[in-house]
Amino acid sequence: MLLRKLFFVFLLFASGPRLFADATKTYEARRFTGSIRIDGKEEDTWRTAAIAEGFTQLEPQEGAVISQETRVKLLYDNTSIYILAHLYDTSPDSILHELGNRDEGYNLNTDAFRIGLDPYNQRQEGYVFEVTASGVQSESYANDFTFDAVWQSAVQLHDKGWTVEVRIPYSALRFPAADKQEWALQFARLIRRNREYDQWSLTKKDQRNGMVYWGTLIGLTDIKPPLRLSLTPYLSIYGENQTSLGENGQRTHDNSYSYSGGADLKYGIDERFTLDLTLLPDFSQVQSDNKIKNIGAFEVIYDERRPFFKEGIELFSRGRLFYSRRVGGTPSGYYDVPYLLNPGESIEENPDKARLVNAVKVSGRTNKGLGIGLFNAVTANTYATIRTADGGKRKILTSPLTNYNILVFDQQLPNNSSSYFINTSVMRDGASRDADVSTGSYTFENKKHTVRISSRYSRSEVRQWVDNPEGGRTKDKKDGSQFSFVADKISGTWQYGGVFEFGDKKFDKNDLSYIFVNDYSDINLYGSYNKFNPFWKHFRQGNLNAWIYRGGRWSVNNLMTQFQGGLNFWLLFNNNWSVYADGGSTFAEGRDYFEPRTYDGRYYVTPMNHWGSINLTTDYNKKLAFDFGTRTWQAPSFGASSYGYYIVPMIRFSDRWSFKVNHNWDYTLNDRGFSTFNSVGNPVFGRRDVLTITNSVTTRYLFKTDMSLSLIMRHYFSQGDYDRYYDLGNAGELVQNDGYLNPSVEMLSTDFRANYFNVDLVYNWVFSPGSSLIITYKNQIAHEDSAILP
């Protein structure tokens with residue numbers, strides 16, 4: 001779904017090599033007095049407004065004549081901007097208008113109208129407001145789809161098409177305090193049934209930042225940025241029933257009831273900067289994570305679902321230094337608790353999330369394009385409660401009081417160039433690990449917007465108390481570095497580029513971000529051939545991509561660890577079906593320094609292998625649509641292989657009710673991988689067959705645009721069976737050891753079964769702009785036999 005969102009915003013933003021000064025359109029806004037009722041109907045006041053017309057087709061054929069006329073008017077007063085759009089249609093009964101929740105317009109089967117505004121006219125970041133033919137509102141800012149604002153809209157469908165009326169209060173925007181305003185402006189329309197996308201100020205599909213093509217809005221005078229202040233208190237009430245299986249095989253039920261309250265505050269410090277604060281937050285209403293059985297060397301990265309950590313985070317994401325799930329995430333000592341128990345003790349409570357006390361963001365951009373961001377969050381001490389042998393209780397600290405901080409400066413430069421500096425720090429109470437990471441970057445784009453060159457340098461410093469030989473403790477400091485250089489041709493039918501990146505052995509940003517590997521050097525070359533307009537009679541768009549990658553071990557004279565390449569292509573047919581296929585191969589054996597889980601220089605020699613997949617989507621305009629795909633992986637020298645497929649039928653019973661089933665099946669035979677450590681602490685690998693099946697059902701009913709009931713059910717099953725074990729040789733080879741299957745030597749049994757089942761039933765009612773009632777029912781069941789050490 002995110003890809004669809006990015007695609008539609010790309011259509012609005014897409015640009016070309018000509019400069020902004022080249023004849024973009026201009027619209028003169030006119031002030032009015034009195035009032036306008038937002039009801040989707042044109043009243044007499046609108047007669048004074050100029051008309052924006054002369055739209056041009058971008059999709060499917062760039063520059064073609066539009067199939068339906070569009071006319072837009074814009075007025076303003078002391079508080080708001082008003083837009084009225086007449087979207088004429090010669091087949092009004094064919095207008096698609098599927099209902100959805102707020103902010104879902106990009107994913108719905110519906111016609112839509114979009115407004116683009118850049119109040120600072122710097123043409124790098126802008127607001128997009130969308131209203132669908134069913135009345136669903138969506139908005140974004142600088143590709144941040146979690147941006148939310150309070151604004152009004154109304155839609156009327158009629159025998160000439162449909163009409164949309166919008167009021168955007170100045171409190172929803174940031175704009176300079178100037179007597180005369182000049183903003184960048186864009187209008188766009190989606191006609192869903194034939195995937196036609198029309199624009200008022202035409203952009204180019206073979207370019208990236210299309211805001212240089214937006215038109216210009218003039219005529220705004222004597223408007224003042226208002227006080228931007230909102231307080232959103234909330235109250236959460238829960239009941240929880242936890243079922244567990246005792247040692248005697250009997251089920252026990254623990255019922256608990258609780259409530260909590262807090263507040264979110266949003267305050268406009270001035271017309272440019274905003275403070276966001278959440279106090280004693282509660283995120284119990286967010287969707288459950290899609291848990292999986294992890295047998296790999298790296299942690300599983302889950303999507304962020306908490307609203308405060310999704311909205312307005314774009315500035316803090318510079319340098320890939322912020323993974324928000326670290327804040328209030330799993331305590332660092334959570335998995336250690338079972339190993340700290342004394343004889344006769346049991347775990348009564350072990351919270352899997354650190355308690356977030358508060359979090360605050362300050363962000364904005366000056367009139368000269370300097371973005372400034374400050375972020376701070378605090379999590380409290382987190383304890384596991386232990387029931388002692390004598391019936392008493394004691395506590396184990398699993399996460400100390402922790403303070404998270406981010407400071408970022410981001411300067412916009414001419415021609416879509418930019419530079420930034422960002423620093424993150426994590427400070428923990430007591431003798432715990434602290435960390436600082438800083439990144440600086442510069443990106444250059446030429447005036448024709450055809451070439452982009454960027455570089456990035458990062459430095460990390462981790463401080464941690466360690467035991468010394470004298471029996472005391474010393475604070476150890478570890479400094480590391482990371483560097484990357486990227487050069488791309490970013491326009492035209494042929495696009496290509498390359499990346500060089502390295503990280504030394506001590507680089508570590510895991511305290512507030514994540515990094516899977518360090519001590520690496522990578523070279524990646526890639527190229528693509530793109531067809532942006534219809535071709536060969538049957539296709540609307542397509543592309544062909546090729547890449548080659550070489551990975552190395554930085555500390556071992558850049559010794560090669562991986563060498564592989566691949567091809568992929570994507571085609572969109574005239575009937576709105578699409579196909580994507582990819583394939584690739586390694587060209588040599590590899591060296592995996594992480595699968596042994598020892599991190600002491602030992603490595604595992606990975607076999608040469610190859611892979612491929614093919615994926616098909618049908619026309620989403622139909623009431624019944626499908627996604628389908630199949631994939632395979634082969635390592636002939638090991639006799640290992642993997643096969644999988646997925647099928648996703650989607651049924652739209654009506655514009656109010658939709659239903660989707662997602663079935664995934666994967667089976668891997670004779671795979672080799674880490675299994676456990678033996679009695680002397682050496683890694684043991686195993687040969688295993690792994691079956692993984694995931695089924696999910698999603699259905700939703702919309703009572704109206706601001707009231708819905710949704711149900712998500714997911715079952716995940718993974719089973720691994722080992723039939724052979726190996727010791728890891730000094731040269732990375734696997735040496736079979738049948739002693740691990742002999743009870744008289746050292747019997748191992750690392751077979752596993754994992755079942756995760758969760759249900760999320762959510763009733764959501766937006767009863768007033770910015771206010772909602774959410775009722776959630778969750779049911780989670782998890783069961784595992786045996787384990788693979790992380």
- Within region 559-571, is even one residue assigned to a loop (DSSP other than H, G, I, E, B) and out of contact with any Phe, Trp or Tyr (no Cβ under 9 Å at 6 or more places or on another chain)? no
- Hey, does region 671-680 have a residue that's loosely packed, with under 15 Cβ neighbours inside 10 Å, among the β-branched types (Val, Ile, Thr) and without any contact (Cβ under 8 Å) to a residue 12 or more places away in the chain? yes
- Query: Of these, 498, 492, 552, 565, which one is small (Gly, Ala, Ser) and under 26 Å from residue 478 (Cα atoms)?
  - Reply: 552
- Query: Can you name the condition, by its number, that residue 590 falls short on among (1) under 27 Å from the mean Cα position of the chain (by Cα); (2) closer than 28 Å to residue 676 by Cβ; (3) among the small types (Gly, Ala, Ser)?
  - Reply: (1)
- Take region 732-745 and flag every residue that is buried (at least 16 other Cβ atoms within 10 Å of the Cβ) and not in a strand (DSSP E or B). 732, 737, 740
- So is residue 582 closer than 30 Å to residue 550 by Cα, of a type outside the set (Val, Ile, Thr) and out of contact with any strand residue (DSSP E or B) (no Cβ under 8 Å at 6 or more places or on another chain) or not? no
- Given (1) surrounded by fewer than 16 Cβ atoms within 10 Å (Cβ to Cβ); (2) in contact with a strand residue (DSSP E or B) (Cβ under 6 Å, 6 or more places away or on another chain); (3) not acidic (Asp, Glu), index of the condition residue 503 fails: (1)
- Message: Tell me the residue from 458, 454, 438 that is in contact with a Gly (Cβ under 7 Å, 6 or more places away or on another chain) and either closer than 16 Å to residue 511 by Cα or of a type in the set (S, T, N, Q) (or both), please.
- Response: 458
- Pick out the one residue from 329, 312, 296 that is outside the structural domain of residue 760 (by TED's automatic domain parsing), surrounded by fewer than 20 Cβ atoms within 10 Å (Cβ to Cβ) and either within 19 Å of residue 353 (Cα to Cα) or at pLDDT below 85 (or both). 329
- What do you reckon, is residue 771 under 30 Å from residue 652 (Cβ atoms), within 25 Å of the chain's Cα centre (by Cα) and loosely packed, with under 13 Cβ neighbours inside 10 Å? yes
- Task: Quick one: in region 593-636, of everything that is among the charged types (D, E, K, R) and more than 30 Å from the chain's Cα centre (by Cα), which residue is modelled with the lowest pLDDT?
- Result: 600
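Results for (1) farther than 30 Å from residue 101 by Cβ; (2) part of a loop (DSSP other than H, G, I, E, B); (3) more than 26 Å from the chain's Cα centre (by Cα), shown as yes or no for each residue.
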{"position": "712", "(1), (2), (3)": "no, no, no"}
{"position": "716", "(1), (2), (3)": "no, no, no"}
{"position": "726", "(1), (2), (3)": "yes, no, yes"}
{"position": "730", "(1), (2), (3)": "yes, yes, yes"}
{"position": "747", "(1), (2), (3)": "yes, yes, yes"}
{"position": "750", "(1), (2), (3)": "yes, yes, yes"}
{"position": "753", "(1), (2), (3)": "yes, no, yes"}
{"position": "759", "(1), (2), (3)": "no, no, no"}
- Test for residue 527: is it at pLDDT 95 or above and in contact with a Ser or Thr (Cβ under 7 Å, 6 or more places away or on another chain): no
- Message: Just the residues that are farther than 27 Å from residue 512 by Cα and surrounded by 18 or more Cβ atoms within 10 Å (Cβ to Cβ), please, taken from region 376-396.
- Response: 386
- Message: I need the full set of residues from region 13-31 which are at pLDDT 95 or above and either surrounded by fewer than 17 Cβ atoms within 10 Å (Cβ to Cβ) or at positive phi (or both), in order please.
- Response: 26, 28, 30, 31
- Scanning region 333-357 residue by residue, those over 25 Å from residue 279 (Cβ atoms) and either touching a Phe, Trp or Tyr at 6+ places or on another chain (Cβ under 8 Å) or among the polar types (S, T, N, Q) (or both) turn out to be 342, 346, 350
- Query: Of 607, 596, which residue is surrounded by 14 or more Cβ atoms within 10 Å (Cβ to Cβ), touching an Asp or Glu at 6+ places or on another chain (Cβ under 7 Å), touching a residue at least 24 places away in the same chain (Cβ under 8 Å) and closer than 26 Å to residue 750 by Cβ?
  - Reply: 607
- Task: Pick out, from region 345-422, the strands (runs of 3 or more DSSP E) lying fully within it that include 2 or more residues that are within 24 Å of the chain's Cα centre (by Cα) and aliphatic (A, V, I, L, M).
- Result: 356-365, 370-379, 402-412
- Item | When residues of region 415-430 are limited to those that are under 21 Å from residue 142 (Cβ atoms) and at pLDDT below 90, the one surrounded by the most Cβ atoms within 10 Å (Cβ to Cβ) | 416
- Message: Looking only at residues that are exposed (fewer than 12 other Cβ atoms within 10 Å of the Cβ) and either in the same structural domain as residue 174 (by TED's automatic domain parsing) or among the charged types (D, E, K, R) (or both) in region 237-269, which one is modelled with the lowest pLDDT?
- Response: 247
- Of all the residues that make up region 123-166, how many are part of a strand (DSSP E or B) and hydrophobic (A, V, I, L, M, F, W, C)? 9
- Message: Being in a strand (DSSP E or B), out of contact with any Asp or Glu (no Cβ under 8 Å at 6 or more places or on another chain) and not aromatic (Phe, Trp, Tyr) is the filter here; which residues of region 669-682 pass it?
- Response: 672, 675, 676
- Name the residue, out of 336, 276, that is assigned to a helix (DSSP H, G or I) and charged (D, E, K, R). 336
- Message: Just to check your reading of the model, which residue among 128, 155 is under 26 Å from the mean Cα position of the chain (by Cα) and crowded, with 21+ Cβ neighbours inside 10 Å?
- Response: 128
- Members of region 305-319 that are over 12 Å from the mean Cα position of the chain (by Cα) and part of a helix (DSSP H, G or I): 307, 308, 315, 316, 318, 319
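The values are calculated or read from the model by the stated rules, or taken from the named source; none is laboratory data. Not measured: the values here are computed from a predicted model. Methodologically, a virtual Cβ is constructed for each residue, glycine included, from the backbone with ideal geometry; neighbour enumeration extends over all protein chains shown.
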